């Protein structure tokens with residue numbers, strides 16, 4: 001499960017304006033148009049990260065979605081930490 005708070009680099013107690021600021025900062029940083037001297041692979045990675053940022057923003061900016069995410073995230077039980085870390089690694093790298 002993706003931790004939307006960590007994607008945006010904010011705390012779970014972040015207010016709406018903090019969520020918006022983090023989204024704007026990260027979307028500018030990872031926008032493919034800002035990657036003029038980057039290779040195609042780097043542009044694809046930034047586009048993937050931008051999609052992840054946009055998804056996280058959409059979940060956290062909507063109060064109902066945010067509440068459901070926090071509820072579901074708190075109920076996640078990790079049976080095998082090695083598998084969980086591998087999933088995280090594969091997701092981000």
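Some notes on this structure:
- Folded to 0 to 90 degrees: helix 63-74 orientation relative to the chain principal axis, Cα: 70 degrees
- Against the chain, whose longest principal axis comes from its Cα atoms, helix 40-61 is set at around 40 degrees.
- Cα gyration tensor shape for the chain, rounded if a/c is under 1.5, else prolate or oblate: oblate
- When segment 50-93 is reduced to its Cα atoms, the Kirkwood hydrodynamic radius in Å: 12.0 Å
- The relative contact order of the chain, computed from alpha carbon pairs under 8 Å that lie at least 6 residues apart in sequence, is 30 percent.
- On Cα atoms only, tilt of 16-30 relative to the major axis of the chain in degrees: 40 degrees
- For a paramagnetic label modelled on residue 16 (point 7 Å from Cα along Cα→Cβ), amide N atoms under 16 Å away belong, within segment 43-75, to 57-67.
None of the figures in this text is laboratory data; all of them are computed from the coordinates on show. Note that the coordinates shown come from a computational prediction; the quantities given were computed from them, not determined experimentally. Neighbour counts run over all protein chains shown; Cβ positions are idealised from the backbone, glycine included.
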